[in-house]
Amino acid sequence: MTLLVCCLAVAIALAICPVGEAVDCIPDAADPYCKCSGSDVTLDLSKLSFPMHQIPDTQEYGTYEYTFSPCSTVDCNGGGDSSGVACQENVGSSGGEVFVARKVSDRQPAWSVASLNPLEFTVTYCDGDLTGGVEDLERCAIVTFKDDGSHGDLDASMEKETSTDTQLSYNFMLQGKDISKVRAGAGGGGGGGSGTAAGVVGLVLISVFIAAVLTYFIAGMAVNYNRGTRGCEMVPNATFWQDLPLLIKDGFLFMISPCYKRESYQKF
């Protein structure tokens, strides 16, 4: 019975406590820079206000500010190229604007959903200007969106720069309560997600538990009946079930009375 009780506890936990886990989200065929969808979730960045200007550089790599606009692209340097998704501007000098990421037809951004509850996902945009010099790295924007009420409606910042042999990435963080709006059905319930999957597993385990309990009692009573027992004695482990209310009472009293002396506990 102890095993059955443990199984029930796990089942209930899975049924009522959804577990956040990574899910797939495929870039939208018509607008891959702004939307993605999967079996568990649909995300639409157009529900946020873009373009976002004057995003600060928290690491103080220089006197830089950034613009981010995934759904309606911008001209980063005024040169007539309006394909910019993310721009960097050196506010300390004239003509210091570069494309961090561009919208191009032959390359889609990468979407990665880390959690649905709370919502957190990352989108990687590339095809920015090359850095030049010996390394000549491709610029990219790695943008993490996080539903976090402690940061107001929506805060944006460029957190750090990271590099590989071929890319220089600008890591942005957009966080706040407004991030929850990008999920389809926000406010009215949308997308079951990993929580739904966990709930289904929990319901299955509860069903298995109920079936096991019924089998335990029915089979036990049948065996005892064949042995000649009648009445309440037919119930398997009848003494245990008769004592169970008192055992629960003693356990409860023990939990709420941790400071009682042992002599006091024995009086319960």
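Brief remarks follow.
- CYS36 falls short of the stated requirement of being of a type outside the set (Ser, Thr, Tyr) and at pLDDT below 95.
- Failed condition for THR144, given (1) in contact with an Asp or Glu (Cβ under 8 Å, 6 or more places away or on another chain); (2) touching a residue at least 40 places away in the same chain (Cβ under 8 Å); (3) closer than 30 Å to VAL200 by Cβ: (2)
- Search result, residues across segment 99-119 that are assigned to a strand (DSSP E or B) and not aromatic (Phe, Trp, Tyr): VAL100, ALA101, ARG102, ALA110, SER112, VAL113, ALA114, SER115, LEU116, LEU119
- Lone unmet requirement of (1) open to solvent by 40 Å² or more (accessible area, probe 1.4 Å); (2) at pLDDT 90 or above for MET1: (2)
This table checks each residue for (1) open to solvent by 50 Å² or more (accessible area, probe 1.4 Å); (2) at pLDDT below 90; (3) at negative phi; (4) part of a strand (DSSP E or B).
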position	(1), (2), (3), (4)
SER46	yes, no, yes, no
TYR61	yes, yes, yes, no
TYR66	no, no, yes, yes
SER72	yes, no, yes, no
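- Of all the listed residues (PRO27, PRO51, PRO18, PRO56), the sole one being surrounded by fewer than 20 Cβ atoms within 10 Å (Cβ to Cβ) and modelled with pLDDT under 85 is PRO18.
- Boolean, ALA11 is in contact with a helix residue (DSSP H, G or I) (Cβ under 6 Å, 6 or more places away or on another chain), under 29 Å from LEU116 (Cα atoms) and at pLDDT below 85: yes
- Residues of segment 103-130 satisfying the condition of being free of Cβ contacts under 8 Å to residues at least 40 places away in the same chain, more than 18 Å from SER157 (Cβ to Cβ) and open to solvent by less than 50 Å² (accessible area, probe 1.4 Å): VAL104, ASP127, ASP129
- Considering segment 75-98, and only residues there that are hydrophobic (A, V, I, L, M, F, W, C) and in a loop (DSSP other than H, G, I, E, B), the residue that is least open to solvent (accessible area, probe 1.4 Å) turns out to be CYS76.
The values are calculated or read from the model by the stated rules, or taken from the named source; none is laboratory data. Small disclaimer: the values here were computed from a predicted structure and weren't measured. Backbone-built Cβ (ideal geometry, glycine too); neighbour counts: all protein chains shown. To get the accessible areas, we keep the full protein, side chains included, count just its heavy atoms, and leave off ligands, DNA and RNA. Shrake-Rupley method; radii C 1.70, N 1.55, O 1.52, S 1.80 Å.
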